[in-house]
Amino acid sequence: MSQTVMFRSACRLLCVLVVVCSFATGARARSLDNGLAKTPPMGWNSWNKFGCNVSEKLIKEMTDALVSMGMRDAGYQYVVIDDCWQVGRDAQGNIIADPQRFPSGMKALADYVHSKGLKFGLYSDAGTLTCQKRPGGRGYEFQDARQYAAWGVDYLKYDWCSTGTQNQQASYSIMRDALAKAGRPIVFSICEWGTSKPWTWARDVGNLWRTTGDIQDCWDCKRDWGGMGFVHILDLQDGLEAYAGPGHWNDPDMLEVGNGGMTATEYRAHFSLWCVLAAPLMAGNDIRQMTPETAEILTNREVIAVDQDPLGMQGRRVKREGDSDVWARQLSDGGRAVALLNRGIAPAKVSVSWNEIGYPAHLSASVRDLWAKKDLGKHTGSFSADVPAHGVVLVRVEP
């Protein structure tokens with residue numbers, strides 16, 4: 001080979017290497033590393049209970065109730081206003097909050113939330129309009145992000161209505177970059193309902209991403225537009241566990257606990273499984289009027305500790321037999337959180353073997369019932385419990 005040919009080949013190789021290295025460097029620069037949501041976010045969102053009926057008065061009252069009902073002290077941080085707070089844009093393109101419903105403005109409301117030791121969140125949309133036909137963020141991403149930061153926003157839920165032919169990853173990446181340049185730490189919640197399998201790409205874009213259509217306040221109903229009950233959403237989480245971890249979470253949607261469509265037993269199952277799944281815990285009920293039973297579910301610190309375990313390992317289904325499920329999650333201390341779920345309409349005995357949760361059969365381990373708040377003694381090889389219909393027994397197993 002002549003020196004000229006060798007030189008040209010070397011130049012081509014060098015060019016390829018430069019392009020590859022530049023692409024890799026650019027990808028690293030674009031990846032999400034905002035230091036937020038190291039455990040699944042916890043808070044309250046207005047949509048499930050109030051829909052478009054949001055106001056400054058409501059948000060202040062919910063903020064006060066989060067404190068007075070003990071939810072803040074149990075770990076709930078974010079107060080998030082969902083759709084319908086916005087009504088238009090001014091001549092400069094700045095987003096405008098409804099002046100009738102939010103007369104003091106969003107900055108003053110964020111300040112109020114912050115004064116209570118909580119954080120403030122808002123909703124917008126990657127398309128031209130939100131799902132309730134309010135102005136969306138498309139084309140205004142950097143302007144909106146600067147406005148949110150100026151208002152003191154700590155959390156942004158970003159929906160996927162009126163998006164036409166937009167690409168999900170590209171659209172959400174624009175807002176990710178806008179938030180990064182806005183100068184304020186803002187948790188980024190992607191809400192495109194799992195349509196593009198965001199768990200495969202969103203780790204470098206958002207802190208959490210919806211995996212399904214909207215949750216409905218029911219055990220197993222389905223809606224033709226995509227809404228679904230608790231067990232249907234639960235089933236769709238099976239197999240997604242490898243994609244979650246500190247700073248990036250699968251989101252099976254907000255909690256319905258206390259909204260009246262399910263029994264207390266069913267709500268206890270709903271909350272338990274969300275904690276085993278390392279799911280964000282965003283309450284959606286009227287905190288001002290919740291019953292002691294609802295409050296006990298939402299503030300059970302032993303159950304919340306499972307959700308907030310710092311290892312950040314999402315649980316998985318380890319067994320399905322008829323109407324019985326067993327879901328288990330590895331914890332940072334080497335223990336396991338195990339949910340024995342009875343999906344049937346009659347009480348049933350549900351069992352789990354140590355082999356199914358990653359322990360040797362000869363191991364002696366202590367078992368604690370997290371709802372009864374009761375130690376159940378040492379067990380070797382397996383554990384079983386009587387589980388009520390549509391109910392759960394949630395235990396912590398410690399070698």
Pulled fully out, how much extra length does the chain show between D111 and R301, if you take 0.36 nm times their separation in residues and subtract their Cα-Cα distance? 65.6 nm
Just subtract the alpha-carbon distance of H362 and Q100 from 0.36 nm times their residue separation and send over the number in nm, one decimal. 87.7 nm
Estimated FRET transfer efficiency (Q92, E61; beta-carbon r; R0 22 Å; 0.05): 0.10
I need the per residue convex hull volume for region 316-398, using only the alpha carbons, in cubic angstrom as a whole number. 79
I need the fraction of alpha carbon pairs in region 184-237 separated by more than 13 Å, rounded to a whole percent. 60
Env charge @ G391, Cβ radius under 11 Å, K,R +1 / D,E -1, value 0
Please work out how much length the chain gains when fully extended from S68 to K181, using 0.36 nm per residue of separation minus the C-alpha to C-alpha distance, in nm with one decimal. 37.1 nm
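Just order 365-374, 318-327 by mean Cβ neighbour count inside 10 Å, highest at the front, would you?
On the way: 365-374: 15.6, 318-327: 17.3.
So the peptides 365-374, 318-327, ranked by packing, come out 318-327, 365-374.
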Going down the list K57/K133; K49/K107; K38/K119; K60/K107; K319/K349, which pairs span over 19 Å between their C-alpha atoms? K57/K133; K49/K107
Show me the ranking of peptides 331-337, 243-249, 86-92 by mean Cβ neighbours inside 10 Å, starting with the highest. 243-249, 331-337, 86-92
Counting DSSP beta bridges with both partners in region 38-307, what percentage is antiparallel, nearest 5? 20
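Restricting to DSSP H runs of at least four residues, report the calculated mean residue ellipticity at 222 nm for the chain, -39500 (n - 2.57) per run over all residues, nearest 500 deg cm²/dmol.
Taken over the chain, the calculation gives -9000 deg cm²/dmol.
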Separation of the T380 and K38 label points, Cα + 7 Å toward Cβ, nm: 4.1
How do 296-302, 262-268, 75-81 rank on mean C-beta neighbours within 10 Å, highest first? 75-81, 262-268, 296-302
Obtain the nm distance between the two label points defined at A170 and N355 by a simple spin-label model: each point lies 7 Å from its Cα along the Cα-to-C-beta direction. 5.1
How fast does the chain diffuse by Stokes-Einstein, in µm²/s, taking the Kirkwood radius from C-alpha pairs at 37 °C and 0.692 mPa s? 146
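We did not get these values from a lab; they are worked out from the coordinates using the rules stated. Since we're looking at a predicted model, the values are computed, not measured. Methodologically, a virtual Cβ is constructed for each residue, glycine included, from the backbone with ideal geometry; neighbour enumeration extends over all protein chains shown.
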